[in-house]
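Have a look at the structure below, then the notes.
The values are calculated or read from the model by the stated rules, or taken from the named source; none is laboratory data. From a predicted model like this one, the values you see are computed outputs, not experimental measurements. Virtual Cβ from ideal backbone geometry, glycine too; neighbours counted across all protein chains shown. For the accessible areas, the whole protein counts, side chains as well, though only heavy atoms, and no ligand, DNA or RNA atoms are used. Shrake-Rupley method; radii C 1.70, N 1.55, O 1.52, S 1.80 Å.
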Amino acid sequence: MKLSIQPDNILIEVAEGANLLEALGQAHLHLDSSCGGAGICGQCRVQIQAGEIAAQQAPAQSNEEYQAGWRQACLGRVESDATIFIPEDSRLEREVIYQKVAPSGQYLTDGQIRRLNPDWSHDPPLKKFYLELDPPTLKDNASDMDRLMRALRKKQGMRRISVDAAVLPDLPDLIRRNHFKVTATVAEIPRWEEGLAPMAPRRRPKLIRVEPGDTRARHFAFAVDVGTTTVSGQILDLDREHPLATHTQYNGQVRHGADVISRILYATSQPGGLQTMQRLVVETINEVLEKVLDKAGIQPDDISYLSAAGNTTMTHLLLGLNPRWLRMQPYTPVAFQVPPVRAKELGIKVGPWANLYTFPSVASYVGGDIVAGVLGAGVYKRSALTLFIDIGTNGEIVLGNRDWMLTASCSAGPAFEGGGMTHGMHAGPGAIERFTLDPRTGQGRIATIAHLPPAGICGSGIINTVAELLRAGVIDPNGKVNLNCGSPLAREGSDGPEVVIVEAEQTAIGRDITLTDHDLDNLLRAKAAMFAGYQTLLRHVGLRFEDIREVLIAGAFGNYLDIENAIAIGLLPDLERDRFKFIGNGSLLGARLICFSNQLLEDVEKVARLMTNIELSDNSTFMDQYIAALFLPHTDQKLFPSISRQMLKKNLGEFATSEAHP
Ligand code: FES
């Protein structure tokens, strides 16, 4: 069957009876699908313009919409050649992942991060040695391997070097191909081969590859952050300690749900589900790898080593481990740490010598991505109290310093990624990221990503919008639309009170973009979960917000966050603004740094061991704090002194104005 995709004007081949969402995903046309294809979220809407796509009417869909040809792609089956239209708000862009730098002064550059975590030396876990061997003679007819090892020991003073048996079959040809001049790659990585525990790393060199000639200038690694939503990879020059190319794209698993729970459900309830999930993430990694190799002008065979950091579920799915028990009490992973595996055996397109190191996890919902971030930012080396947070569907929090660390994860829901909101969308082109009210007219002004007509509101846009509406009194501190505020934007909608952010004629979707009471509820719950998480960890050790010297914000979402607005709604604590720093993609940062330093690679275990996880799901302090935080910014105003001062000033100003003009 042929599917014509509009407005892209591309044609794809699809098997008869194929599920439409899957077929589009296979063609790398990823749609928003936070319910994982259950037909509930309504985000995967497409319009059938010609042909036959069998799909029942979705529960939340109106008759008019269904009659007009709108279908949920996840419910559709392709029954003939067809033409379908994919609107902007249904799409996840494949390669254009919007990257934005945080407000100047708050985003740490690589140089500043190097200063945050300064005391490590450049000492990659893999090294290349150029050797000129003595050709064999009748007097010296030692084996090829002994000859090679003799030269290696002589050159590097290495005593006990083991040999990967995979080196041997080609060794005779390789060393003779360039007149006994060869390059040997030696891995000095922790020896995991002896079992999963104990995890204390011991360096023991191992010869993993021999190449003819001098290839020392081609010594590269691939670091990858395997995120639930996106996969980001970097090619690293191991000798010059810097990344050559970076690429990010959506994780191919997104068609089976936006969060880790949907992925686990798919992997464990569908026939071949785990294999499908593994294949999809490996395919994405290969696509990212291909892109960065291309950008850097490097061949796959030049990669000596790979490191990957991801949350516990992503790590399980990448390695093909059964994630079933991650989501069931008492939440046990298959293993917190998995020994390095040959990347090629997972299907990653590199040479057979290249091992893949995966970061250890701390708990089912505090994974290697957080360990990598804490490592990369050097939190484990500081004496000052640091709060490290990664805000997303699953919010992860680390509180501590070089002596101790507490971690927790809280299910914030998809609100921060635009999910579960009437007009929420991912932070892609056309997403509203800023909203301000004109004080004279009371009308709203918006700014969208890539300056395209608005198609929806992304998570950070929702925070900015709510903060602005809260300051103006259009939303009240209970998180409800105030219909009596006198604003022309507040109205009674078909689903209850709502605020019109942009009117239909100015949007890319032909409908009003609104924020409803229901959306505000979702946001309130999400921010309350994060805030209650910080408080629970602080109370656990008898500390207060004022004791926190620095707040490090990691993750893609953090890049877009406006600190002032995030404090105004109670998502971040009300501390001096210069205590907040964005570190960007902490997971990729850690994955990159361990490729440059054996010392940091060894520190990974130390960081994971320092972390004690506090389970929040049955924690009574967390529940109490959560309820107290279901208010904008919080029921306890003393926790938000600067916001209280601003409100007081505003109220006094209004009072003075009304006194002056009775
Ligand atoms: S309705 Fe199709 S993925 Fe949610």
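Only one residue in Q61, Q47, Q26 is within 21 Å of G510 (Cα to Cα), more than 11 Å from the ligand (Cβ to nearest atom) and without any contact (Cβ under 8 Å) to a residue 60 or more places away in the chain, so which one is that?
Working: Q61 fails: more than 11 Å from the ligand (Cβ to nearest atom); Q26 fails: within 21 Å of G510 (Cα to Cα).
None of the other options fit; the residue is Q47.
Can you say whether Q275 is surrounded by fewer than 18 Cβ atoms within 10 Å (Cβ to Cβ), closer than 23 Å to Y331 by Cα and within 16 Å of the ligand (Cβ to nearest atom), as far as the supplied structure shows?
On the way: surrounded by fewer than 18 Cβ atoms within 10 Å (Cβ to Cβ): yes; closer than 23 Å to Y331 by Cα: yes; within 16 Å of the ligand (Cβ to nearest atom): no.
No.
Do we have P439 as without any contact (Cβ under 8 Å) to a residue 60 or more places away in the chain and more than 23 Å from Q43 (Cα to Cα) here? Please lay out each step first, then the result.
Working: without any contact (Cβ under 8 Å) to a residue 60 or more places away in the chain: yes; more than 23 Å from Q43 (Cα to Cα): yes.
In short, yes.
For (1) surrounded by fewer than 23 Cβ atoms within 10 Å (Cβ to Cβ); (2) farther than 25 Å from D369 by Cα; (3) touching a His at 6+ places or on another chain (Cβ under 7 Å), each residue gets a yes or a no:
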residue	(1), (2), (3)
L452	yes, yes, no
G473	yes, yes, no
A504	yes, yes, no
A526	no, no, no
I563	yes, no, no
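Mind listing just one residue for me: the one in region 261-298 that is of a type outside the set (K, R) and in contact with a Pro (Cβ under 8 Å, 6 or more places away or on another chain) and, of those, farthest from N598 (Cα to Cα)?
The initial filter retains those residues of region 261-298 that are of a type outside the set (K, R), namely 261-262, 264-278, 280-290, 292-294, 296-298.
Then drop every residue that is not in contact with a Pro (Cβ under 8 Å, 6 or more places away or on another chain), which leaves 264, 267-268, 274, 289, 293.
Working: I264: 33, A267: 35, T268: 37, L274: 33, L289: 23, L293: 24 Å.
Filtering region 261-298 for residues that are of a type outside the set (K, R) and in contact with a Pro (Cβ under 8 Å, 6 or more places away or on another chain), the one farthest from N598 (Cα to Cα) comes out as T268.
Looking only at region 64-78, how many residues end up being under 23 Å from A18 (Cβ atoms), more than 10 Å from the ligand (Cβ to nearest atom) and assigned to a loop (DSSP other than H, G, I, E, B)?
In the first step, residues of region 64-78 are kept if they are under 23 Å from A18 (Cβ atoms); the result is 66, 69-78.
Subsequent filtering for residues that are more than 10 Å from the ligand (Cβ to nearest atom) retains 66, 69-70, 77-78.
Then drop every residue that is not assigned to a loop (DSSP other than H, G, I, E, B), which leaves 69.
Of the residues in that region, 1 qualify.
Does W353 fit the bill of being open to solvent by 10 Å² or more (accessible area, probe 1.4 Å) and touching a strand residue (DSSP E or B) at 6+ places or on another chain (Cβ under 6 Å)?
Details: open to solvent by 10 Å² or more (accessible area, probe 1.4 Å): yes; touching a strand residue (DSSP E or B) at 6+ places or on another chain (Cβ under 6 Å): yes.
So W353 passes the test.
Filter region 340-352 down to residues that are out of contact with any Asp or Glu (no Cβ under 7 Å at 6 or more places or on another chain) and part of a loop (DSSP other than H, G, I, E, B) and give me whichever is modelled with the lowest pLDDT.
Quick first cut of region 340-352, residues out of contact with any Asp or Glu (no Cβ under 7 Å at 6 or more places or on another chain) only: 340-350, 352.
Next, from what is left, pick out any that are part of a loop (DSSP other than H, G, I, E, B): 340, 347-350, 352.
Values: P340: 91, G347: 98, I348: 98, K349: 98, V350: 98, P352: 95.
For region 340-352, the residue satisfying everything is P340.
List every residue pair whose Cβ atoms sit under 8 Å apart, with the two residues 6 or more apart in sequence or on different chains, where the first one lies in region 498-525 and is in contact (Cβ under 8 Å) with a residue 40 or more places away in the chain and the second, anywhere, is among the aromatic types (F, W, Y) and open to solvent by less than 10 Å² (accessible area, probe 1.4 Å).
I501/F435
Do you know which residues across region 457-471 are open to solvent by less than 10 Å² (accessible area, probe 1.4 Å), over 11 Å from L523 (Cβ atoms), assigned to a helix (DSSP H, G or I) and not polar (S, T, N, Q)? Outline the logic, then answer.
Quick first cut of region 457-471, residues open to solvent by less than 10 Å² (accessible area, probe 1.4 Å) only: 457-467, 469.
If we keep only those that are over 11 Å from L523 (Cβ atoms) too, we end up with 458, 460-461, 464, 469.
Right, trim to assigned to a helix (DSSP H, G or I) and you get 460-461, 464, 469.
G461, L469 - these are the residues of region 457-471 that are open to solvent by less than 10 Å² (accessible area, probe 1.4 Å), over 11 Å from L523 (Cβ atoms), assigned to a helix (DSSP H, G or I) and not polar (S, T, N, Q).
Scan E492, E550 and give me the residue that is in contact with a strand residue (DSSP E or B) (Cβ under 6 Å, 6 or more places away or on another chain) and either at pLDDT 95 or above or more than 22 Å from P453 (Cα to Cα) (or both).
Values: E492 fails: in contact with a strand residue (DSSP E or B) (Cβ under 6 Å, 6 or more places away or on another chain).
Residue meeting the stated conditions: E550.
Would you tally the residues in region 254-272 being within 18 Å of G428 (Cβ to Cβ) and either more than 16 Å from the ligand (Cβ to nearest atom) or in a helix (DSSP H, G or I) (or both)?
Number satisfying all stated conditions: 2.
Conditions (1) open to solvent by less than 80 Å² (accessible area, probe 1.4 Å); (2) under 28 Å from A335 (Cβ atoms); (3) at pLDDT 95 or above, marked per residue:
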{"site": "G157", "(1), (2), (3)": "yes, no, no"}
{"site": "K181", "(1), (2), (3)": "yes, no, yes"}
{"site": "R191", "(1), (2), (3)": "yes, yes, no"}
{"site": "G195", "(1), (2), (3)": "yes, yes, no"}
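Quickly run through region 164-179 and pick out the residues that are over 9 Å from P212 (Cβ atoms) and open to solvent by less than 40 Å² (accessible area, probe 1.4 Å).
Hits for region 164-179 are D164, V167, L171.
Based on this model, can you work out whether T228 counts as within 16 Å of the ligand (Cβ to nearest atom), open to solvent by less than 30 Å² (accessible area, probe 1.4 Å) and either within 19 Å of A308 (Cα to Cα) or modelled with pLDDT under 85 (or both)?
Numbers: within 16 Å of the ligand (Cβ to nearest atom): yes; open to solvent by less than 30 Å² (accessible area, probe 1.4 Å): yes; either within 19 Å of A308 (Cα to Cα) or modelled with pLDDT under 85 (or both): yes.
The answer is yes for T228.
Among the candidates R544, R511, single out the residue that is of a type in the set (K, R), surrounded by fewer than 19 Cβ atoms within 10 Å (Cβ to Cβ) and under 30 Å from D578 (Cβ atoms). Reasoning before the result, please.
Working: R511 fails: under 30 Å from D578 (Cβ atoms).
Matching residue, one of R544, R511: R544.
Looking at region 566-586 only, could you name the residues that are open to solvent by 10 Å² or more (accessible area, probe 1.4 Å) and not in a loop (DSSP other than H, G, I, E, B)?
Hits for region 566-586 are R577, D578, R579, K581.
Can you pull out every residue in region 338-377 that is in contact (Cβ under 8 Å) with a residue 12 or more places away in the chain and of a type in the set (K, R)?
Step one: filter region 338-377 for residues in contact (Cβ under 8 Å) with a residue 12 or more places away in the chain, giving 338-343, 346-377.
Selection gives R342, K349.
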